């Protein structure tokens, strides 16, 4: 079954979230939705192209200005990506952090659609505070660095 914009609209209806179709053209179809989580309000952009559907919170956190913040943030994002399922963090050309899920449309069904939105909502709430602080507070340490420091002290 080919995934169409109407398929995604039906999935949104089944999921119970409102959405807005924001664009349609040669590059694909764009929809926008969002949610209020425990740590903030997040806007999700959905893009349907020929063989893929992309779900993204962009920007999730704006780029750090301090090089030390950038170093700590990127290390944290790599470690977080290792632990996460379905969703992944990326960094765009401006250095902004994006939380995204990319799914092939070949066998996309409602359960995968629901898993994508669920993963974005879960990881957005789970990681926002730590990601924001690491991006903008040079004195901050990630949870991974603190654990590493404790491990070194134990030896």
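Quick note: the coordinates plus some simple rules give every number you see, no bench work behind them. Here the structure is a predicted model, which is why all the values come from computation and not from measurement. Cβ coordinates were reconstructed from backbone atoms using ideal geometry, including for glycine residues, and neighbour counts include every protein chain displayed.
Once the Cα atoms of helix 67-83 and of the chain are each reduced to a long axis, what angle between those two axes, in degrees from 0 to 90 to the nearest 10, is obtained? It is inclined by approximately 60 degrees.
Between residue 39 and residue 6, what is the spin-label point distance in nm, taking each point 7 Å from the Cα along the Cα→C-beta axis? In this crude spin-label approximation the distance works out to 4.0 nm.
Inter-label distance, residue 93 to residue 14: 3.7 nm, where each label sits 7 Å from its Cα along the C-beta direction. Measuring nothing but how far apart in sequence close Cα pairs (under 8 Å, 6+ apart) lie, relative to its length, the chain scores a relative contact order of 23 percent. This structure gives Cα extents along the principal axes in Å, computed directly, and of (i) 43, 37, 29; (ii) 56, 30, 27; (iii) 56, 28, 19 that value is listed as (ii). The modelled label-to-label distance for the pair residue 111/residue 125, using points 7 Å beyond Cα in the direction of Cβ, is 2.3 nm. How tilted is helix 110-136 with respect to the longest principal axis of the chain? Cα atoms for both, answer in degrees (0 to 90, nearest 10). Compared with the principal axis, the helix lies near 30 degrees. For region 1-76 and region 122-137, what is the separation of their C-alpha centers, rounded to whole Å? A separation of 17 Å, based on Cα centres. In the chain, the longest principal axis of the Cα atoms and the axis of helix 5-15 are about 70 degrees apart.
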